[in-house]
Amino acid sequence: MSNWYDNVIFYHIYPLGLLGAPAVNEGGDVVHRLPELENWIGHLKALRVGAVYIGPLFESSTHGYDTTDYRTVDRRLGDNEDFRRLVRALHDAGIRVVVDGVFNHTGREFFAFRDIKEKREYSPYKDWYKGINFGWNSTFNDGFSYESWRNCGDLVNLNLYNRAVKDYLFDVIRFWIREFDIDGIRLDCADCLDFDFLKEMRWITGQEKEAFWLMGEVIHGDYARWANGEMCHSVTNYELNKGLWSGHNDHNYFEIAHTIRRQFDENGGIYRGRVLYSFADNHDVARVVNKLNDRGHLKPLYTLVYTLPGDPSIYYGSEWGIEGRKEDGDRALRPQIDLEQISRRPPVPGLEEYLEQLGQIRSEHPEIGLGRYRELLLTNRQYAFARILGDRAVITAVNNDPAAASVRIRLPFACAKVTDLLTGEKVKQENGQLEVTLEADGSGIYLVE
């Protein structure tokens, strides 16, 4: 029996950006921006979104990942009651809620670090952080040095081997589950977290709430080290993400197919049995529309995001094809959006409607999310595969060529009928094959039964 997170469409929101919060938290009064997100629920339902990943939410000094208070919603977004009401509204709409868990580091204004600055060696929190050395100095001239995430001095690395630190963070997690009824946590910098810490978190969250989901941000390495029965349920599939855009730019579907064959092939994929988190872009990388040489490839790319193994995720704004270049800084990747305005004038007309159609197809056909993967056809410019569940399958075929392509796709098994799920039309089969024409930069999705 599968859990909700084994087959779900995610929507990723960076709230400080989407809601137009100021870049720096100056303190002062709470500004109630979070209620605006309740107006997005109809849009999420049209996309068939089953879970929202929203974060960071904790009170912070700037971008959200320099936490100052783990138990308080950032005042630039609203207060705890605003978030509690938003979770209720999303749950009423059948949408789960996942938040950012920033547990590798805190900001410099977090109470424990401020206590060290004040009391130095006499602070009871001097062992809460890694590498505290009172014989050195920091770039902030603190009179002591410390380890920080990627040498960013405003992100101070917590010592997750310290029992008091772990107990504090686990109490924070219990607080968010009990107070807000969240359904999961996306773990920032999961590849930096101690494995024993992750194992204990998995046990605690499972005790707190059945089917609670843990997803780790992991870029490189063997994903199975983090995504397994003891630690995270899933991790970010950056390996596939790279192939999605470069495979289209180079007209090289072998790159994508090789990645999926290695990861999920039914006869030897190293991540079979795991459901990784798939995405075209997110808050840390350039928008996919800026990575593609040909924007005509957006539709086949998203067809793959939705139908290859993994849970698909939409990063807010990308359903309309908005731009955002990494070299222009984080703010360019995390813009404010007016829902009504962008819906009237989307940068890429028709993309939102296509993702709605993909969402409907995936939601109505569990073979896509739960079925085993089998490659059926592969050339540089055409690629077809099946997702097989019981005596039914869904075949996906994509074409990255600027011209239409006629292809023959072998069926995964003998069947009675084949239906084109994008058009609703019946498809002719002959000698165990489909013969179909894929439009230029087009896709086909076929139900086999």
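Details
To keep it simple, each residue is scored yes or no on (1) within 22 Å of the chain's Cα centre (by Cα); (2) surrounded by fewer than 17 Cβ atoms within 10 Å (Cβ to Cβ); (3) more than 26 Å from Ser318 (Cβ to Cβ).
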residue	(1), (2), (3)
Trp4	yes, yes, no
Asn25	no, no, yes
Gly42	yes, yes, no
Gly50	yes, no, no
Thr72	no, yes, yes
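- Filter result (in contact (Cβ under 8 Å) with a residue 40 or more places away in the chain and more than 21 Å from Trp176 (Cα to Cα)) within the range 191-221: Cys192
- The range 335-350: number of residues that are in contact (Cβ under 8 Å) with a residue 60 or more places away in the chain and either within 18 Å of Arg325 (Cα to Cα) or not assigned by TED's automatic domain parsing to the domain that holds Asn290 (or both): 3
- Single residue of Thr379, Thr396 found to be modelled with pLDDT of 95 or more, under 25 Å from the mean Cα position of the chain (by Cα), of a type in the set (Ser, Thr, Tyr) and not assigned by TED's automatic domain parsing to the domain that holds Arg48: Thr396
- Contact map, the range 279-306: first residue more than 26 Å from Leu421 (Cα to Cα), second residue modelled with pLDDT under 95 and hydrophobic (A, V, I, L, M, F, W, C), Cβ cut-off under 6 Å, separation 6 or more or different chains; the map is empty.
- Filtered by the rule that a residue be among the charged types (D, E, K, R) and either without any contact (Cβ under 8 Å) to a residue 24 or more places away in the chain or buried (at least 19 other Cβ atoms within 10 Å of the Cβ) (or both), the range 89-125 gives Asp92, Arg96, Asp100, Arg108, Arg114, Asp115, Glu118, Lys119, Glu121.
Residue-by-condition table, conditions (1) out of contact with any strand residue (DSSP E or B) (no Cβ under 7 Å at 6 or more places or on another chain); (2) surrounded by fewer than 18 Cβ atoms within 10 Å (Cβ to Cβ); (3) assigned to a helix (DSSP H, G or I):
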site	(1), (2), (3)
Glu353	yes, yes, yes
Gly359	yes, no, yes
Glu375	no, yes, no
Gly424	yes, yes, no
Glu435	no, yes, no
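- Among the conditions (1) closer than 25 Å to Asp171 by Cα; (2) assigned to a loop (DSSP other than H, G, I, E, B); (3) in contact with a Lys or Arg (Cβ under 9 Å, 6 or more places away or on another chain), Tyr65 misses just one, which is (3).
- Of all residues in the range 199-220 being under 19 Å from the mean Cα position of the chain (by Cα) and among the β-branched types (Val, Ile, Thr), the one that is surrounded by the fewest Cβ atoms within 10 Å (Cβ to Cβ): Ile219
- Residues in the range 284-307 that are part of a loop (DSSP other than H, G, I, E, B) and crowded, with 21+ Cβ neighbours inside 10 Å: Arg287 alone.
- The residues of the range 227-268 that are free of Cβ contacts under 8 Å to residues at least 40 places away in the same chain, of a type outside the set (Gly, Ala, Ser) and assigned to a helix (DSSP H, G or I), listed by number, are Tyr238, Glu239, Lys242, Glu255, His258, Thr259, Arg262.
- Of everything in the range 36-62 that is outside any loop (DSSP other than H, G, I, E, B) and polar (S, T, N, Q), the residue that is nearest to Glu26 (Cα to Cα) is Ser60.
- Search result, residues across the range 269-318 that are in contact with a strand residue (DSSP E or B) (Cβ under 7 Å, 6 or more places away or on another chain) and polar (S, T, N, Q): Ser278, Asn282, Thr303, Thr307, Ser313
- Residue in the range 364-373 that is outside the structural domain of Arg262 (by TED's automatic domain parsing), surrounded by 13 or more Cβ atoms within 10 Å (Cβ to Cβ), part of a strand (DSSP E or B) and more than 25 Å from the chain's Cα centre (by Cα) present: no
- Against the test of being at pLDDT 95 or above, touching a Lys or Arg at 6+ places or on another chain (Cβ under 7 Å) and under 22 Å from Ile395 (Cα atoms), the options Ile260, Ile361, Ile368, Ile322 yield a single qualifying residue, Ile368.
- Total residues in the range 137-190, condition without any contact (Cβ under 8 Å) to a residue 40 or more places away in the chain, in a loop (DSSP other than H, G, I, E, B) and closer than 21 Å to Leu57 by Cα: 1
- Residue match in the range 180-198 (condition: modelled with pLDDT of 95 or more, over 21 Å from Tyr161 (Cα atoms), surrounded by fewer than 17 Cβ atoms within 10 Å (Cβ to Cβ) and outside the structural domain of Glu375 (by TED's automatic domain parsing)): yes
- Arg392 vs. criteria touching a strand residue (DSSP E or B) at 6+ places or on another chain (Cβ under 9 Å), farther than 17 Å from Thr303 by Cα and either in contact (Cβ under 8 Å) with a residue 12 or more places away in the chain or buried (at least 18 other Cβ atoms within 10 Å of the Cβ) (or both): yes
The values are calculated or read from the model by the stated rules, or taken from the named source; none is laboratory data. For clarity, every value in this text was computed on a predicted model and none was experimentally measured. A quick note on method: Cβ atoms are made from the backbone with ideal geometry, for glycine too, and the neighbour counts reach across all protein chains shown.
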